[in-house]
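FYI, it's all coordinate maths here, none of it is from the lab. On a predicted model such as this, the values are computed, not experimentally measured, just so you know. Virtual Cβ from ideal backbone geometry, glycine too; neighbours counted across all protein chains shown.
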Amino acid sequence: MKLELALAQYTDALTNLKLAKSEPSEIEILHILVARDAIEEALSEKTQLSVESLAKLLELDNFLKQQADAIARGAKLAEWRATFHPSTEAWWWFLEPTSDEEVSHSHPLDPLFNGLTIAGLTAVGAYMTNFVQLFSTGGISLVESFGLLGQGGLLLTVIHTLQNTGQEKIKNLLKKLNISPQFYSQASLGITAMLLLASVGVYNSLPQIGKWNYREGKKLYEKGLLEKAQAKYEQAAKIDPNNWEIQIALGQVYESLGDLEQASKEYKAALKRGYPHAFNNLGRVYISQKDLITAESLLRMGLQRVPKEDFQLNYELHQNLGLVLLKQKQYQAAEKELRQAVAIDQAIEGKELGGGMAYCLLEDVLEEKKDIKEQLRWKNMCLTYARPETLDQYKWFIETGKQDIASDIDTTGVVNGQSQPSTQP
């Protein structure tokens, strides 16, 4: 890694300066300045800067500035600048001996303030690195979220503002404000403290940002924009990995896309926390995978845990359990579960729970029982209310030879889903 190599060379050069028992020679000083140039070149290429590297660079730069007197005495900096034409941003080519004014106004606690500034910047760097990682994939970007410079830009800005050329700008600003030089170190520490507080504030707001991504993903899911919804949900999960609603929602997208392995992974993560939605949705995946025993076990456990007032989930659990029992040719037990699902649906006026698939499943049970009159009734209900939620639910019509129904029912739910996880704990 180019930056790490440059940092190692810079470290070696300053270590030799630290261990030297005499004033540094022009060659030694030139070696140090060129090594610092190499670091700046690596930074300009947007190389990722780890927290450890950041802390090391801040420490080395601080040491170099402390050697300003020795370097100014041992080098012909003015002549070198005329030859090499360094940028004014390259502060190390412009080191000057400490003036009598600065010495007279120095504060005995300046070393402590400077040390705290470095520690604070290291902490800010840690936060910024974390933020860049969190917002580097999909969803809302770091630029969109905080109006910052993007792709680590804030991290580099912090370094340059408080440790390099920015210090001179701060000093110039403080001079214009008629603030005594003895407070310069305190001012730098104050700015660092504000940045640190801002970083902590952003960190504490991450759950809210995660919820924002979840809500945006939900809107996209309901419009059938599954890939965009997936990106928002994945962003939300990265920010708030312990939010079960996000895990369930992301699992639903994967399931709608036919990626049962990833859907199962998300549902299992929520299942570990005992959420009833996970039992239902994971049971549905196992139905698709034809593992009916596991599916039945999960659905029955879900019914033990679901709150009575959660009508949506109660409907889905009874419907899916009815499907499992139907596939197992336990027609009487299947009819019982499906009639319970239908009863819940009919009791909630103005709400279309679960897409009406229970009507279709009940019609299939009655077909097996040779109850022609009742079968016809529920077939009409199926045609009226059926709205499959997943591709596997729609495939059921084809697998059972109900192409006539499959051709007439509403399939918009196959794309965007009908149900959403409730807020029940």
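Ratio of Rg to Rh for the stretch 264-351: 0.97 [Cα atoms; Kirkwood radius as inverse mean 1/r over pairs].
Before anything else, pin down the relative contact order of the stretch 260-300: Cα pairs under 8 Å, at least 6 apart, normalised by residue count, whole percent. Relative contact order here is 33 percent. Computed from backbone phi, the HN-Hα couplings of the stretch 270-277 come to 6, 4, 4, 9, x, 6, x, 4 Hz, rounded to whole numbers (Karplus: 6.51 cos²θ - 1.76 cosθ + 1.60, θ = phi - 60°; Gly and Pro given as x). Here L321, L43 are placed in order of increasing Cβ neighbour count within 10 Å, fewest first, which gives L43, L321. Sorting T83, T400, T15 from the fewest to the most surrounding beta carbons within 10 angstrom yields T83, T15, T400. With each label modelled as a point 7 angstrom along the Cα→C-beta vector, the I372-K308 pair spans 4.2 nm. Coupling constants for the stretch 65-70 follow from the phi torsions by the Karplus curve (6.51 cos²θ - 1.76 cosθ + 1.60, θ = phi - 60°), and in residue order they are 5, 5, 9, 4, 4, 5 Hz; glycine and proline get x.
What percent do you get for the relative contact order of the stretch 213-352 when only Cα pairs under 8 Å and 6+ apart count?
13
Counting other Cβ atoms within 10 Å as a rough exposure proxy, the listed residues S22, S199 run S22, S199 from fewest neighbours to most.
Ignoring lysines fewer than eight residues from K373 along the same chain, the ones with Cα atoms less than 20 angstrom from its Cα are K336, K402.
For the stretch 267-319, trypsin sites (Lys or Arg not before Pro) are listed when DSSP marks them as loop and at most 12 other Cβ atoms sit within 10 Å of their Cβ; the list is K272, R273, K290, K308.
State the extension gain, in nm to one decimal, for the chain segment bounded by A38 and R215, taking 0.36 nm per residue of separation less the distance between their alpha-carbons.
Details: separation 177, 0.36 × 177 = 63.72 nm, distance 4.55 nm.
Extra length available between A38 and R215 comes to 59.2 nm.
Gyration tensor analysis over the Cα atoms of the stretch 199-301 returns equivalent ellipsoid semi-axes of 27, 16, 9 Å (largest first, whole Å).
Label sites at I348 and E89, each approximated as a point 7 angstrom past Cα along Cα to Cβ, lie 5.8 nm apart.
What the phi angles of the stretch 241-257 give under the Karplus curve with 6.51, -1.76 and 1.60, with θ = phi - 60°, is a coupling list of x, 9, 8, 5, 4, 5, 4, 5, 5, 5, x, 5, 5, 4, 5, 5, 7 Hz, glycine and proline written as x.
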